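The values are calculated or read from the model by the stated rules, or taken from the named source; none is laboratory data. Quantities reported herein were computed from a predicted structural model and do not represent experimental measurements. Don't worry about glycine lacking a Cβ; one is built from the backbone with ideal geometry, like all the others, and counts go over all protein chains shown. Surface areas here come from the heavy atoms of the whole protein model, side chains and all, with no ligands, DNA or RNA. Shrake-Rupley method; radii C 1.70, N 1.55, O 1.52, S 1.80 Å.
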Amino acid sequence: MKEIRVLLIGVGGYGMGYAREMLEHGAEKRASIAGVVDPYAASSPVYQALKDANVRFYDSVEAFYAADSADLAVVSTPIQFHARQSVYCMEHGSHVLCEKPAAATVELVNAMIDARDRTGKTLAIGFQWCYDEAMLRLKADVDAGALGRPVKLKGIVLWPRDIAYYKRGLGWAGKKYAQDGSPIFDSVASNATAHYLENMLWLTGRGFTGASIADMDVRTARANDIETFDTIAMDARLDNGARLFYVASHATGRDCVQNPLFIYEFEKAIVTFGSLGETGDALKAVFRDGAVKDYGASTLNGWNKKLDAMIAAARGEAVTLPCPAEAARCHTAAMEMIREKNPEAEALSGARVDEGMVWVSGLGDRLKACFEKETLDF
């Protein structure tokens, strides 16, 4: 079995997970680290372990490919680098697993798709819920028509984030553009809770192409001193006729966490995950005739599965990649429509700073009420 050489691009933040997985389980995967591209690698908690494993470090993808090659590149860098680095890697002989979101604009995602088609390389995007086994079982039933037509999909995630979250790394979080003009558009909906908006589009689209939003009413707001938004409520209509209602915030305070909760209504069944005030893992469908189908526990931790899938693809094995760039592009298009509808987020009144966090008292309860009543009035 051919050993796959994996280039890790970014080993801080989320990229640490890939580095640890390769260090601990690379041998059993028949895969090795070809190198690390990260000009700030020395600040990563995994730096010493990588150094001890004699991994070579590079400041740029250009420097790596001038000296070496890789079968697979894993891009775990800030959003503004995703498209450029992914395209460069494919043009220099590597398959690519790019972390979510695919890119900041549809134009950039299209450039990634064009490079994929031109080079014949494989490109997958790292929305990990797409790789989750329980979610894939549900997706199979949706595609087979077992649940009927999608009618209404609702999701809410309230994940408080502190000031340090917005100051991490190069300070790109919550920004619209990088210093060089590259688009970022980082927000609560494009990054941390992006999985749960993308999941509605991915699940109801045909195959793995994703569904598109036809129109929306949306309200965006911010408590933090950022350029984009940390709070959103959206009421949208999909191109397949279903309604989509999505609520998310980073500004609700430490005592008001709502882990992912969704209620997906289909013609023949209602699918649920989680509940208000609780953390759930069971993915279940209750059919109109009273039958119940348990799809199993969803851990939300499909990141190792996406790495394994891409290693297999790089080896030339026949493998289905459930999150191609086309599916991720639907999420990016939704972000563009949000910006068109709300170019500037409103400032939330009553914001307070407490223990390193900017938050709004009562916002979490108001957002939960929005979710239950399906209104944008928070």
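Of the listed pairs 121/176; 29/293; 51/167; 51/100; 121/341; 100/154, which have alpha-carbon separations greater than 25 Å here? Show your work: numbers first, answer last.
Working: 121/176 30 Å; 29/293 33 Å; 51/167 27 Å; 51/100 27 Å; 121/341 36 Å; 100/154 21 Å.
121/176; 29/293; 51/167; 51/100; 121/341, as the Cα separations exceed 25 Å there.
Considering only beta bridges that DSSP places wholly inside the chain, some 60 percent are antiparallel. Using R0 = 30 Å, the C-beta based FRET efficiency linking residue 2 and residue 114 works out to 0.60.
What the Cβ-Cβ distance of residue 304 and residue 349 gives, at R0 = 51 Å and to the nearest 0.05, is a FRET efficiency of 0.75. Label positions at residue 336 and residue 257, each projected 7 Å from the Cα along the C-beta direction, are separated by 3.6 nm. Here the 3J(HN,Hα) profile of segment 355-367, calculated from phi with Karplus coefficients 6.51, -1.76 and 1.60 at θ = phi - 60°, is 6, x, 9, 9, 8, 10, 4, x, 5, x, 5, 5, 5 Hz, Gly and Pro shown as x.
Under a 5 Å amide H cut-off, with hydrogens placed 1.01 Å from N, residue 240 pairs with 212 among residues at least 5 apart or on other chains.
In square angstrom, what is the accessible area per residue of segment 8-65 with a 1.4 angstrom probe? Mind dumping the intermediate values first?
Values: 2770 Å² over 58 residues.
On a per-residue basis, 48 Å².
Computed from backbone phi, the HN-Hα couplings of segment 172-178 come to 8, 5, x, 9, 8, 9, 7 Hz, rounded to whole numbers (Karplus: 6.51 cos²θ - 1.76 cosθ + 1.60, θ = phi - 60°; Gly and Pro given as x). For residue 280, the residues whose modelled amide H falls within less than 5 Å of its own, excluding neighbours fewer than 5 places apart on the same chain, are 274, 275. Full extension of the chain between residue 49 and residue 163 gives 38.1 nm of extra length, using 0.36 nm per residue less the Cα-Cα distance. Note that segment 117-128 has calculated 3J(HN,Hα) couplings of 5, 6, 8, x, 8, 8, 10, 10, 10, x, 6, 5 Hz, one per residue in order, obtained from phi through the Karplus relation 6.51 cos²θ - 1.76 cosθ + 1.60 (θ = phi - 60°); glycine and proline are x.
For segment 305-324, no residue has its backbone nitrogen under 11 Å from a point 7 Å from the Cα of residue 27, taken along Cα to Cβ.
Count charges around residue 373 for me, please; just the other residues with Cβ under 13 Å from its Cβ, Lys/Arg as +1, Asp/Glu as -1.
-2
Scanning residues 5 or more positions from residue 58 or on other chains, those with amide H under 5 Å from its amide H are 36, 37, 38, with H placed 1.01 Å from N in the peptide plane.
Considering only protein heavy atoms, with the full assembly of protein chains and a 1.4 angstrom probe, order 208, 127 by accessible area, largest first. Show your work: numbers first, answer last.
On the way: 208 60, 127 0 Å².
Ranked from most to least accessible, the order is 208, 127.
Looking at segment 245-335, the accessible area is 39 square angstrom per residue; that uses a 1.4 Å probe and ignores ligands, DNA and RNA.
Sorted by accessible area (1.4 Å probe), largest first, how do 2, 29, 373 line up? All intermediate terms of the calculation are to be shown ahead of the outcome.
On the way: 2 110, 29 30, 373 155 Å².
Greatest to least solvent exposure: 373, 2, 29.
In whole percent, and with a 1.4 Å probe on the protein chains, what portion of the accessible area of the chain is carbon and sulfur? Its accessible area is 48 percent carbon and sulfur atoms. Model label points for residue 68 and residue 206, set 7 angstrom from Cα along the Cα-to-Cβ axis, are 4.4 nm apart. Checking [x] 98, 47, 42; [y] 67, 47, 37; [z] 58, 49, 34 against Cα extents along the principal axes in Å calculated from these atoms, the matching label is [z]. Distance between the pseudo-spin-label points of residue 180 and residue 91 (7 Å out from Cα toward the beta carbon): 1.3 nm.
Averaged per residue, segment 74-171 has 34 square angstrom of accessible surface, using a 1.4 angstrom probe with ligands and nucleic acids left out. Can you check what the net charge comes to around residue 226, using other residues whose Cβ is under 10 Å from the Cβ of residue 226 (Lys, Arg +1; Asp, Glu -1)? Neighbour charge sum, excluding residue 226 itself: -1. All other residues whose Cβ lies under 14 angstrom from that of residue 152 are scored, Lys and Arg at +1 and Asp and Glu at -1, for a net of +1.
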